[in-house]
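Working notes, beginning with the structure itself.
The values are calculated or read from the model by the stated rules, or taken from the named source; none is laboratory data. The structure presented is a predicted model; accordingly, all values stated were derived computationally and were not measured. Every residue, glycine among them, receives a Cβ derived from its backbone with ideal geometry; neighbour counts consider all protein chains shown. Quick note on the areas: whole protein, heavy atoms, side chains included, nothing else; ligands and nucleic acids left out. Shrake-Rupley method; radii C 1.70, N 1.55, O 1.52, S 1.80 Å.
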Amino acid sequence: MNLALLFGEDFVSAEQAVLTGRRLAHLKSVLKVAEGTLVPVGLVNGDIGTGRVLQLTDSQATLQVELTEPPPSPLPLTMVLAMPRPKMFRRVLQTCATLGVKDIWLINSYKVEKSFWQTPWLSEENLRENMVLGLEQARDTLMPRVHIRKLFKPFVEDELPALLKNTHALVAHPGTGTPCPVHINAPATLCIGPEGGFIPYEVEKLVEAGCEAVHLGRRILKVETAVPVLVSRLFDACS
């Protein structure tokens, strides 16, 4: 936790916030804070700054909060992601949040098992928890938006073309002839398939919607590896 992310309900006054639970445990066991210690904090969807520990007990830490600077700029990237395996999903979501991806669309695919959509990691509470972990890692405060679409064809035909408008639209697909571009540093939409990739019909529909099929070389990567590799390839140091 490189930054303690604060929510409105944490504040007991305009400039004081109280931390409990996981964040308190991290302050005590990892950062070894004491009264008077300054810790990095940020207000969700707001500025970042510092919190001075005013009071520290077994049950809570009271911080004097001063927010002085904006968070890192978000990436100009829309991520369209075939629903990953549940065990991998939480790591992928945290990675997206850490890298600065703010617009995430979870879609269905032929190789996405129906059971994946039943995972508790898709609950609003768990989505927020994992995005918070990613933001805290990156010292960011801007909460990503997650959209869930369980029907592939209606999404690709009815919604995707509007998302692709005025962006560099790509679908990662091993075996295609075009390598992924490098450091485009411009608005982009990136579609990443499930383990094993999109099937040919799905790639065809994505290309019809306006995507360009690109590859990362001969190696076939897991989704949790492909996401950071592709993002870092498209944007300079994910800045």
Matching residues in segment 1-53 - criterion: being small (Gly, Ala, Ser), touching a strand residue (DSSP E or B) at 6+ places or on another chain (Cβ under 6 Å) and touching a residue at least 24 places away in the same chain (Cβ under 8 Å): ALA4, ALA17, GLY42, GLY51
Filter result (out of contact with any Lys or Arg (no Cβ under 8 Å at 6 or more places or on another chain) and either surrounded by 16 or more Cβ atoms within 10 Å (Cβ to Cβ) or closer than 21 Å to LEU190 by Cα (or both)) within segment 99-118: LEU99, GLY100, VAL101, SER109, TYR110, LYS111, VAL112
Where a residue in segment 169-180 is under 14 Å from VAL156 (Cβ atoms) and its partner, wherever it lies, is open to solvent by less than 50 Å² (accessible area, probe 1.4 Å) and assigned to a loop (DSSP other than H, G, I, E, B), with Cβ under 6 Å and at least six apart: ALA169/GLY210; ALA169/CYS211; VAL171/CYS211
Subset of segment 119-161 that is assigned to a loop (DSSP other than H, G, I, E, B) and open to solvent by 70 Å² or more (accessible area, probe 1.4 Å) - its residue that is farthest from ILE220 (Cα to Cα): ARG139
Test: residue in segment 22-32 that is touching a helix residue (DSSP H, G or I) at 6+ places or on another chain (Cβ under 7 Å) and at pLDDT 95 or above: no
From the options PRO187, PRO179, PRO200, residue that is more than 24 Å from the chain's Cα centre (by Cα), open to solvent by 60 Å² or more (accessible area, probe 1.4 Å) and more than 21 Å from LEU151 (Cα to Cα): PRO179
Selection count where residues are assigned to a loop (DSSP other than H, G, I, E, B) and not charged (D, E, K, R), scope segment 78-109: 6
One residue from THR50, THR20, THR37, THR62 being among the hydroxyl-bearing types (Ser, Thr, Tyr) and open to solvent by less than 40 Å² (accessible area, probe 1.4 Å): THR62
Residue match in segment 208-226 (condition: under 30 Å from ARG23 (Cβ atoms) and out of contact with any Gly (no Cβ under 9 Å at 6 or more places or on another chain)): yes
